[in-house]
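S.K.: If you scroll down you'll find the structure; I have some questions about it.
What follows draws every value from the coordinates through simple rules; no lab data is involved. This one's a predicted model, so the numbers in the text were calculated from it and none came from an experiment. Reconstructed Cβ throughout: ideal geometry from the backbone, glycine too, with neighbour counts over all protein chains shown.
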Amino acid sequence: MKTVPFLDLSAQYATIRKEIETSLEEVFNSASFVGGPFVESFEKEFAIFCDCGYAAGTSNGTSALWMTLLSLGIGPGDEVITVPNTFIATAEAITYSGARPVFVDVEERSHTMNPALLEKAITLKTKAVIPVHLFGQPADMDPIMEIARNHGLFVVEDACQAHGAQYKGKAAGSIGDAGCFSFYPGKNLGAYGEAGAVVTNNPELAEKIKILRDHGQSRKYYHKVIGWNGRMDGLQGAVLSVKLKYLPAWNEARRKNAALYSNLLMDVKEITLPTEMDYARHVYHLYAIRTHNRDDLKGYLAERGIECGIHYPVPVHLQEAYRHFGILKGTFPVAEKCAEEFLSLPMYPELTREQIGYVATELRNKLR
Ligand SMILES: *Cc1c(COP(=O)(O)O)cnc(C)c1O
C-alpha cells in the first residue's frame, strides 16, 4: 500500500543535512547554548524577512504571545479579543497575562476573524485584539486595524502559522503592533526543538520583551522587573538561520502543492476547498478542506495509508479548560461548523505530485 504521511520532517532534513551539521558544530564549538550570537544573527535575519525593525527570539510561540501581552501592559481586569478556532495557545497567553479572552466568530470563507463582528465585542475593558492568521492565510487586517485604532486597542498578530504570508503585499506579523511566531518543528519555519519570536517596529516593545524573556535583566544579575525564562536556544537560532534561507522556496512549493490539490478536487461538490482571499498570499501551513461526514472520510483515507489531521476538533470556547466561561454551543456558529467539517490533508514542501494525485484519487473514490 502507498502511504502519504501528514508531515515528513525527515524528508526536509535530508535536503539540508550537511549545512545543519556544520552550523550545529559551530554552536557546540562556541558553547553559545542560550541566547548569544546565533540567536542574534537569526533575529536580524528574521526581522528583515518580516519587514520589521526588530525581532526577539523566544522559547516558543506561546511565550512570544504571552510576553508580548505583558510588555504591552495587559493584565488583570483587561479583555483581549481573539477567535475561537485557533490553537489553544492564543487563549492561554491571554489568560496567563491575567486578562480575559473574549471571542468573536470567524468569517465563512477565510476562517479568520470576521471584522464585521469585532466592534460589538469591544468593551471599556478591551485592550488588544489578536487576529490569528489561520493555516497560513492572514486575517483581513485593514478593517481590524481601523477598528482597533478607533478604539485605542493594540493589535498583536498571531502569525504562528503564517511565516512568509502576506496581506496586500505586507508581511504577516508586520502590520499590527507586534507579530508572534512559533518555530515548533511542524510549522513552515520549524526549529529542531522549541522556539518562537516576536517581530515589531516598536523599539521599546522589542527591548521590553528582551528584558522580560531574560529574568527581567538587561545587565546580568540586576533585575529591573520580574521577568521569566523565555529565551531561545543557540542551537535553534543556528538551525533557523539555515532554514530561513530556504523558506521562500518551501512556501512556494506548498503553494504549488495546494494548487495541484485544488485542481484535482475542484469539481468534487461534497468538499469545500480552501479559498485564497484577494488580499492574501497564503502559505498553506495547512491545506484544510471542509466536508460533511469528515470523520468517516478521515478513517477511509487512513485505511489507505493517507494520514490527515483535524485543526481543531473543538473550538476554544467549548474546550473543557474554558468551560467555566459558560459559553454555550451555538454562540460561534461558523467556528463550530468548521470544527466539525475541517480535514487537513497531507501538506509539506517535499510532497510529490504522485502523492497528491493518490490522495485526490482516494478522496474522489470515497465521495463518488
Ligand atoms: C503553534 C501555534 C501557537 C503556539 O506556538 P508554540 O511554539 O507551540 O508555543 C500559537 N498559536 C497558533 C495559531 C499556533 O499554530
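S.K.: Tell me the relative contact order for the range 248-367 as a rounded percent, counting alpha carbon contacts under 8 Å between residues six or more apart.
M.R.: 38 percent
S.K.: Right, something else. Answer rounded, prolate or oblate for the range 248-367, using the Cα gyration tensor with square roots of eigenvalues a ≥ b ≥ c: rounded when a/c is under 1.5, else prolate when a/b is larger than b/c, else oblate.
M.R.: Because a/c hits 1.5 or more and a/b exceeds b/c, the range 248-367 counts as prolate.
S.K.: Can you work out ³J(HN,Hα) from phi for every residue in the range 93-98, in order, using Karplus 6.51 cos²θ - 1.76 cosθ + 1.60 and θ = phi - 60°, giving whole Hz and x for Gly and Pro?
M.R.: Values, residue by residue: 4, 5, 4, 6, 6, x Hz.
S.K.: With unit charges on the beta carbon (Lys/Arg positive, Asp/Glu negative), name the residue among Tyr287, Pro346, Leu363 whose Cα is farthest towards the positive pole of the charge dipole of the range 248-367.
M.R.: Farthest towards the positive end: Tyr287.
S.K.: Hey, what do the phi angles of the range 354-363 turn into as Karplus ³J(HN,Hα) couplings, whole Hz, using 6.51/-1.76/1.60 and θ = phi - 60°, x for Gly and Pro?
M.R.: After applying 6.51 cos²θ - 1.76 cosθ + 1.60, I find 5, 4, 5, x, 5, 4, 5, 4, 5, 4 Hz.
S.K.: Can you list residues from other chains, or at least 5 along the same chain, whose modelled amide H is less than 5 Å from the amide H of Tyr287?
M.R.: When sequence neighbours closer than 5 places are left aside, the close amide H contacts are Leu345.
S.K.: A further question on this structure: Quick one: what are the phi-derived ³J(HN,Hα) couplings along the range 227-242, Karplus 6.51/-1.76/1.60 with θ = phi - 60°, whole Hz, x for glycine and proline?
M.R.: x, 7, 9, x, 7, 9, 6, x, 4, 5, x, 5, 4, 5, 4, 5
S.K.: How high is the relative contact order of the chain, given as a whole-number percent (alpha carbon pairs under 8 Å, six or more residues apart)? Provide the component values of the computation, followed by the final result.
M.R.: Working: 775 pairs, mean separation 81.7, N = 368.
The normalised contact order for the chain reaches 22 percent.
S.K.: For the chain, what is the charge dipole size about the Cα centre, in debye to the nearest 20, if Lys and Arg each add +1 at the Cβ and Asp and Glu each add -1 at the Cβ?
M.R.: Here the size comes out at about 80 debye.
S.K.: Also, I was wondering about something else. Take the residue pairs Lys245/Lys337; Lys120/Lys187; Lys127/Lys224; Lys2/Lys366; Lys243/Lys366 and return only those whose Cα atoms are more than 28 Å apart.
M.R.: Exceeds cut-off: Lys245/Lys337; Lys120/Lys187; Lys243/Lys366.
S.K.: For the chain, take every pair of Cα atoms, bin their distances at 10 Å starting from 0, and report each bin as a whole percent.
M.R.: For the chain, the pair-distance distribution reads 5, 24, 32, 25, 11, 2, 0.
S.K.: In addition: Given the rule -39500 (n - 2.57) for each run of at least 4 DSSP H residues, summed and divided by the residues of the chain, what is its mean residue ellipticity at 222 nm, to the nearest 500 deg cm²/dmol?
M.R.: -12500 deg cm²/dmol
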